[in-house]
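What follows is a set of notes on a single structure, which appears directly below.
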Amino acid sequence: MLEFLPKEVRDGLEAARKRERSRKTRLRVRSGEAEFPVLRLWVDGFALKADRAPKLRGLVDVYDGSRHICQCLIIASSIENEELICDFKQSTVAEDRPALDFWRDENAPVGYLTHS
């Protein structure tokens, strides 16, 4: 349907979509001290604005606002349509508690009663 519109109008609509997409996102990638807004995130990668981010490789952290979501190991990044596409090899979900170093019994009591 957009093919019937003049080229200037289509370009304006596409620019407005890109502005809105970058404005709405709370997702951020942190590499060292630098942070970059994430345009899109999928199972094995994410997209950043190419003019704002350098080519990333190595370990980065992904945040949703101030909440740490995951840590990713980026193996490749390329530029497509003004976006830096980063593919990661591994993604580890960030937990808000330390990992257990013992096996927890499924039928273990939730709490203990004290003597009165």
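At-a-glance table
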item	result
Under Karplus coefficients 6.51, -1.76 and 1.60, residue-wise ³J(HN,Hα) of region 48-60 in Hz, glycine/proline x	10, 5, 5, 6, 9, 10, x, 5, 9, 8, x, 8, 10
For G45, residues with placed amide H under 5 Å, excluding near neighbours	F88
Hz values of 3J(HN,Hα) by residue in region 68-83 - Karplus curve (6.51, -1.76, 1.60), Gly and Pro given as x	6, 8, 7, 10, 10, 9, 7, 10, 8, 9, 9, 9, 9, 6, 6, 10
Globularity ratio of region 19-59, using Cα Rg and 2.2 N^0.38 Å	1.13
Region 1-61 and region 76-113: distance between their alpha carbon centers, rounded to Å	24
Long-range amide H partners of L27 with built H, under 5 Å	V38, G65
Size of region 1-80 as Cα extents on the principal axes (Å, biggest first)	45, 25, 23
Length-normalised contact order of the chain in % [C-alpha pairs under 8 Å, at least 6 apart]	18
Heavy-atom surface of the chain, accessible at 1.4 Å and reported per residue (Å²)	80
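The values are calculated or read from the model by the stated rules, or taken from the named source; none is laboratory data. Model, not experiment: these values are computed from the prediction. We work out accessible area using only protein heavy atoms, side chains counted, and drop any ligands, DNA or RNA first. Shrake-Rupley method; radii C 1.70, N 1.55, O 1.52, S 1.80 Å.
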